[in-house]
Structure formats: structure tokens, C-alpha cells
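Data first, discussion second: the structure below is written as C-alpha cells.
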Amino acid sequence: MLKTSVRISIASIAAGSLLTIASPAMAYDHLVSAADFIDNALVNGTGSDCVIDWTPGAYSGNTLGAGFFTATISDAQGWNPSDVHLHWGMYCPSSPAYYAHIGTGTYFIQITKAVDIQVGDLLVINSTTGAAGSYSGHTVMITDLPTVISPQIKPFIANATQWRLPMTDSTTSPHGCTDSRYTGACLAANFHAGAGEGEMRIYTDTTTGDLLGYTWSVTSSTTSYFAPEVRPYRVARLNGLMGPAPAEE
């Protein structure tokens, strides 16, 4: 289960003093909230909500990528929607909104190399329009350190290194056949949309180590690679978060 893998990852990385602090909670606490929801949710669907009902014994949520992150970071930090608005100027930020805030450094530090990615970081894909098609964007939370894929898997990109990236999100599209949301064989009929865990693949420049494009999963394919100019994405770490606002007396 995700909860187990997250805690193993957190323990091993924390032992190496690689994790940073996102006051007042640790930088990975939103992953623990995500795992708690996935393991215990009675209702786990997809929708535009940014709030999860954490009532003991009755967890329910209908989120997509950005909303799932917003709900889990709110739970980890003890925030209400006003605290979210205080940080990012809106009550329910979209993936394009988070992408923009990463670019300006608003409560994020941008990561540009795979070797610098840590547990708890985000990968946020921007929305796109035009010849490449319309895409609304997406947000995933990274649950373990990326590892080099060797031998490489199609699609092959010249002068690029491939990395396996474990992650959690809420989505209507599976991240390959290892996605936890399959209830049986890797068939569409067995996939349950909602929050779960899976794997993506990122590519880096073999010489510089800089992030290049990505694929939705590590499944071999000839057409699944998205170059940054087609679907831009940013990887970032939470930074300098504030605690919940004091209650009015």
C-alpha cells in the first residue's frame, strides 16, 4: 500500500538528512495524509473539489490532481480554505495556477534536475492549447526518489536519461499497469478513477542533468513522450509555508 511505501521512503531519506522542513509540518506530511485517505476512503472519486471529508470512518473526496494536493496539504498543515487563499490567492488553485506560482517562487522552490528531487516534491504540468491539443494540466506528489531506468524503454530520446518516478495523485487515467487503482487485471473495466499511486517517467539531458520531457507512465510506447515545449511542467518543493491563521475570538 502507498502508506507503507511512503513511510519506508520517508524513514530512509530522513535518516540521510535530505529532507527540508515546511513549517510547521514536515515537507512530506501531505503524503501521509494522501496515504491515509487512499487506504481508508469510502468515497474516492474525481471532481473539482479541493476539500476532503476527513471524518473518522467516513473519509470521502472527489478531487483531481491539484485538488488532491490542496486537500492533503491542508490536512497536513491544519489549514482551512482561507489559509489556502492566503498562500496562493485562491481557494482552490488549479494545476496551471500552481505551475505559475512555482515559476514565481511563491511558497515553492523549483527543482531543475532529477538528482535533486526529494520525497514530497510536486510535479505540476501546465495547461496547453493550440496545435498540440487542449490539456487542462495536472499535479502529482512524488512518493519516492527517482531511479534511472536501464535498459531504457521506448520512447527513446536522443542524449536523454530516463528516470522512474513513483507518485500519487487523483486522476481518471491510469499511470500504467502498476497503478494501484486497478482492482484486477490491467483492463479499463478494472480501473477505478480517483486517488491512488502509480509511476511516471521523466527524462533529463545526459550531459547537464536538466529536466526534459515526461511520459504518463513507464509503459513502453512510441508516442507517449511530451516535450517541454508541448506540455511544460515544473518540479518544486514546498517552502516557507505558514501555519493556520489563529481563530477569531
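Data overview
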item	result
Pairwise label distance in nanometres, Ser136 with Ser173, each label 7 Å out on the Cα-Cβ vector	1.2
Point-to-point label distance, Asp39-Asp116, nm (Cα→Cβ direction, 7 Å offset)	3.3
Residue-averaged [θ]222 nm for the chain, counting only DSSP H segments that reach four residues, each worth -39500 (n - 2.57)	-7000 deg cm²/dmol
Given charges at Cβ of Lys, Arg, Asp, Glu: the chain dipole, positive-most of Cys50, Ser150, Phe108	Ser150
Point-charge dipole on Cβ atoms (K/R +1, D/E -1) for the chain, about Cα centre, debye to 20	720
Neighbour net charge for Tyr99 - beta-carbon separation under 13 angstrom, K R +1, D E -1	+2
For the stretch 113-206: relative contact order, % (alpha-carbon pairs under 8 angstrom, 6 or more apart)	25
Point-to-point label distance, Tyr91-Thr183, nm (Cα→Cβ direction, 7 Å offset)	3.3
Folded to 0 to 90 degrees: helix 29-40 orientation relative to the chain principal axis, Cα	90
Mean Cβ neighbour count within 10 Å, used as a protection proxy, ranking 219-227, 159-167 highest first	159-167, 219-227
Sorted by Cβ density within 10 Å, fewest first, the residues Asp169, Asp83	Asp83, Asp169
Relative contact order of the chain, pairs being alpha-carbon contacts under 8 Å that are 6 or more residues apart, as %	21
Cα long-axis angle, helix 65-77 against the chain (0 to 90 degrees, to the nearest 10)	40
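Read-outs throughout are calculated quantities, based only on the coordinates presented, and are distinct from any laboratory measurement. Nothing here was measured: the structure is a model prediction, and the numbers come from that model. Here the Cβ is made from the backbone with ideal geometry for all residues, glycine too, and neighbour counts use every protein chain on show.
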